[in-house]
1. Mind checking whether some residue in segment 19-26 is at pLDDT 95 or above and among the β-branched types (Val, Ile, Thr)?
2. Can you tell me how many residues in segment 41-70 are surrounded by fewer than 19 Cβ atoms within 10 Å (Cβ to Cβ) and closer than 24 Å to residue 110 by Cβ?
3. Show the residue pairs that are 6+ apart or on different chains and have beta-carbon atoms under 6 Å apart, the first residue being within segment 137-164 and within 15 Å of residue 101 (Cα to Cα), the second being of a type in the set (A, V, I, L, M) and in a strand (DSSP E or B).
4. Between a first residue in segment 104-133 that is among the aliphatic types (A, V, I, L, M) and a second residue that is not in a strand (DSSP E or B), which pairs have beta carbons less than 8 Å apart while being 6 or more apart in sequence or on different chains?
5. Is it true that residue 120 is of a type outside the set (Asp, Glu), modelled with pLDDT under 95, closer than 26 Å to residue 149 by Cβ and surrounded by fewer than 17 Cβ atoms within 10 Å (Cβ to Cβ)?
6. When you scan segment 44-90, how many residues do you find that are out of contact with any Cys (no Cβ under 8 Å at 6 or more places or on another chain), assigned to a loop (DSSP other than H, G, I, E, B) and within 12 Å of the ligand (Cβ to nearest atom)?
7. Please go through segment 91-107 and give me each residue that is part of a helix (DSSP H, G or I) and surrounded by 18 or more Cβ atoms within 10 Å (Cβ to Cβ), ordered by number.
8. Kindly provide the set of residues from segment 118-164 that are more than 16 Å from the ligand (Cβ to nearest atom), farther than 18 Å from residue 92 by Cβ and small (Gly, Ala, Ser), ordered by number.
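The values are calculated or read from the model by the stated rules, or taken from the named source; none is laboratory data. Just so you know, these numbers come straight off a predicted model, no measurement behind them. Using ideal geometry, Cβ is built from the backbone for each residue, glycine included, and neighbour counts are taken over all protein chains shown.
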Amino acid sequence: MNQFLSRRTFILIPSMSILQFIFKPMRVLASSLSPNENWNLSKQEWKNKLSPESYYILREEGTERAFSSPLNNEKRKGVFHCAGCDLPLFLSETKYDSGTGWPSFWESIQSSIDTKVDFKLIVPRTEYHCSRCGGHQGHVFNDGPQPTGKRYCNNGLALRFVPQ
Ligand SMILES: [Zn+2]
């Protein structure tokens, strides 16, 4: 009997930590899309405000075609704002050419984005979105340059560039 119990415990502990891993991101996901009540617009309100292409990216977590955004080659000094609510998200000083065909940054402006884990490609990826309107921006990976080692892979259609 004792032997049976200890075997059960041995099996239960690892499976509980797997369950925690699965359910934790789902909790984050459920609460991440209404961060600021002033920007809690209805689907129709967002459709009126955005182009169909930007709506697809920002509100439906779409992804634009690689190398399709003019912002991929944007090299001027300035600030990249959220195309949904105009919150400044990235500085041109943190932009770099990742070769992926999407505007890439190694750091975001502090407190401007929130993250969640998504499973759209089965393998977990860290999705990030504007912390004010919840608009989807892109995914962040750990293969970026120093000093952060991060690669914020952003849809150009989700950004508005303001040159300085
Ligand atoms: Zn926003």
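1. The first filter runs over segment 19-26 and keeps only residues at pLDDT 95 or above, leaving none.
Checked against the condition, which is being at pLDDT 95 or above and among the β-branched types (Val, Ile, Thr), segment 19-26 yields no hits at all.
2. Step one: list which residues in segment 41-70 are surrounded by fewer than 19 Cβ atoms within 10 Å (Cβ to Cβ), which gives 41-49, 51-53, 56, 60-63, 65-68, 70.
Keeping just the survivors that are closer than 24 Å to residue 110 by Cβ gives 61.
Qualifying residue count for the region: 1.
3. 152/140
4. As it stands, the answer is 113/131; 117/25; 117/28; 117/29; 117/124, since those pairs meet every condition given.
5. Numbers: of a type outside the set (Asp, Glu): yes; modelled with pLDDT under 95: yes; closer than 26 Å to residue 149 by Cβ: yes; surrounded by fewer than 17 Cβ atoms within 10 Å (Cβ to Cβ): yes.
When the stated conditions are applied, residue 120 passes them.
6. 3
7. From segment 91-107, those part of a helix (DSSP H, G or I) are 92-94; that's our starting set.
Passing the criteria: only 94.
8. Selection gives 149 alone.
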